[in-house]
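Novice: The structure is given below, and queries will be raised subsequently.
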Ligand SMILES: CC(C)(COP(=O)(O)OP(=O)(O)OC[C@H]1O[C@@H](n2cnc3c(N)ncnc32)[C@H](O)[C@@H]1OP(=O)(O)O)[C@@H](O)C(=O)NCCC(=O)NCCS
């Protein structure tokens, strides 16, 4: 299971680049708006705390059955980082399942970046031995619901303890 490794993914306007600790300084600025945390919790991090988080993330999951895959989203035409996508891949009775999530910095929102990045990520996961993609979305978060829907996920209606709804796509 831990054989899953993030590779660069190119879409029309974006390069999804495997996350490195060195991205922390740029990403601290990209993710500096407190409003980004309305639905995902927490507060913006300094580049120092982001750097230590990225160190833990790139060190990998302590559970050998689970893979942590993380990318930064680079807007090719403007040569800047705009957000992140992630996939946490683990075992299930139906085969490997990837839980995905996305964040786009406030200055770059509303340009279809999350939709394009999530679509590229799900296409890439479809070329890996992943059977199912899931995402957990707050019921009031319309932008994220639109992103999940554009990536081919549908709401299962199942609510988690934290109130988020499970979305799913079977990759076959
Ligand atoms: C959710 C998020 C990633 C969307 O990023 P984005 O790049 O702006 O999204 P897109 O431009 O691809 O647009 C997706 C949808 O959101 C809508 N949208 C984007 N920004 C919006 C805004 N500020 N207000 C209302 N709707 C918005 C778009 O209209 C689009 O829907 P549509 O195609 O049906 O019109 C971004 O808002 C974000 O990072 N939020 C905070 C982190 C978070 O909650 N992540 C989700 C974890 S699963």
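None of the figures in this text is laboratory data; all of them are computed from the coordinates on show. Given the structure is predicted, the values throughout are model-derived calculations rather than measurements. Cβ: placed from backbone, ideal geometry, glycine included. Neighbour counts: every protein chain shown.
Novice: Expressed as a rounded percentage, what relative contact order does the chain have, with Cα pairs under 8 Å and six or more residues apart?
Specialist: That works out to 19 percent.
Novice: May I ask for the distance between the Cα centers of segment 1-33 and segment 41-78, given as a whole number of Å?
Specialist: Answer, in whole Å: 8.
Novice: Considering the Cα positions of the chain, please state its Rg to one decimal place and its Dmax as a whole number of Å.
Specialist: 15.3, 43
Novice: Quickly rank 150-161, 83-94 as a protection proxy: mean count of other C-beta atoms within 10 Å, highest first.
Specialist: Per-residue Cβ counts within 10 Å, averaged per peptide and sorted highest first, yield 83-94, 150-161.
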